[in-house]
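The values are calculated or read from the model by the stated rules, or taken from the named source; none is laboratory data. Note that this is a predicted model, so its numbers are computed, not measured. Cβ coordinates were reconstructed from backbone atoms using ideal geometry, including for glycine residues, and neighbour counts include every protein chain displayed.
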Amino acid sequence: MEHKRTVRKAVLIDDSEIDLFIQKRFLEVSHFSEELVMYNSANEALSRLKSEQSPPDVIFLDLNMPDEDGLTFLRNFNNLPTLVTTRSKIVVLTSSESQAERDQVFSFKQVIHFITKPLKNTDIEDLKRIILNI
């Protein structure tokens with residue numbers, strides 16, 4: 001049974017313009033969220049989230065990025081306002097299949113899922129079940 005409910009707001013963080021485009025299209029086609037915001041660096045995302053009045057429900061985070069990578073983003077996430085850290089859940093969306101990285105990201109309480117790119121329909125269905133409790 002396909003669920004038509006959507007997440008209110010999602011954020012994509014990935015340094016690859018191609019990956020951002022593909023993931024954006026997939027999330028749009030699957031009607032995952034009402035609003036979708038994209039950042040091509042962890043620094044930019046952290047900076048914008050600091051002043052966010054309407055925090056995202058879900059943050060899709062790439063791990064392997066230049067400058068500040070996904071793990072650095074995760075380490076800095078708890079420095080964001082409580083409104084963001086309590087509402088936003090993080091989904092690691094990466095090309096990595098490393099068990100060590102998987103174990104490491106789940107040490108952060110806001111991480112709810114680890115997905116190896118590309119996104120698939122089953123991933124979206126799983127996430128909707130987790131986030132929307134459906």
Looking at (1) modelled with pLDDT under 95; (2) out of contact with any Phe, Trp or Tyr (no Cβ under 6 Å at 6 or more places or on another chain), which is the only condition Ile90 fails?
(1)
For region 59-83, give me each residue that is touching a strand residue (DSSP E or B) at 6+ places or on another chain (Cβ under 9 Å) and hydrophobic (A, V, I, L, M, F, W, C).
Ile59, Phe60, Leu61, Leu63, Met65, Phe73, Leu74, Phe77
Out of Val92, Val84, sole residue that is part of a strand (DSSP E or B), surrounded by 17 or more Cβ atoms within 10 Å (Cβ to Cβ) and β-branched (Val, Ile, Thr)
Val92
Hits in region 109-134 - residues which are assigned to a loop (DSSP other than H, G, I, E, B) and either within 13 Å of Ile59 (Cα to Cα) or touching a residue at least 60 places away in the same chain (Cβ under 8 Å) (or both):
Gln110, Lys117, Pro118, Leu119, Ile134
Conditions (1) in contact with a helix residue (DSSP H, G or I) (Cβ under 6 Å, 6 or more places away or on another chain); (2) among the hydrophobic types (A, V, I, L, M, F, W, C); (3) in a strand (DSSP E or B): number failed by Phe73
(3)
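Just give me the residues in region 118-132 being surrounded by fewer than 17 Cβ atoms within 10 Å (Cβ to Cβ) and within 17 Å of Asn64 (Cβ to Cβ), in sequence order.
Within region 118-132, just Pro118 meets the criteria.
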Selection count where residues are crowded, with 18+ Cβ neighbours inside 10 Å and touching a strand residue (DSSP E or B) at 6+ places or on another chain (Cβ under 7 Å), scope region 39-58:
6
Within region 15-28, can one find any residue that is touching a Leu at 6+ places or on another chain (Cβ under 7 Å) and closer than 19 Å to Thr86 by Cα?
no
Checked region 51-78 for anything of a type in the set (D, E, K, R) and under 29 Å from Arg5 (Cβ atoms); matches are Glu52, Asp57, Asp62
Matching option when the condition is exposed (fewer than 14 other Cβ atoms within 10 Å of the Cβ) and either of a type in the set (A, V, I, L, M) or in contact with a strand residue (DSSP E or B) (Cβ under 8 Å, 6 or more places away or on another chain) (or both), among Glu97, Glu101:
Glu97
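The rows are residues; the columns are (1) in a loop (DSSP other than H, G, I, E, B); (2) under 21 Å from Asp126 (Cα atoms).
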position: Arg5; (1), (2): yes, yes
position: Ile18; (1), (2): no, no
position: Ile22; (1), (2): no, yes
position: Pro55; (1), (2): yes, no
Subset of region 1-34, residues under 25 Å from Thr72 (Cα atoms) and out of contact with any helix residue (DSSP H, G or I) (no Cβ under 8 Å at 6 or more places or on another chain), comes to Lys9, Asp15, Ser16, Glu17, Ile18, Asp19, Leu20, Phe21, Ile22, Gln23, Lys24
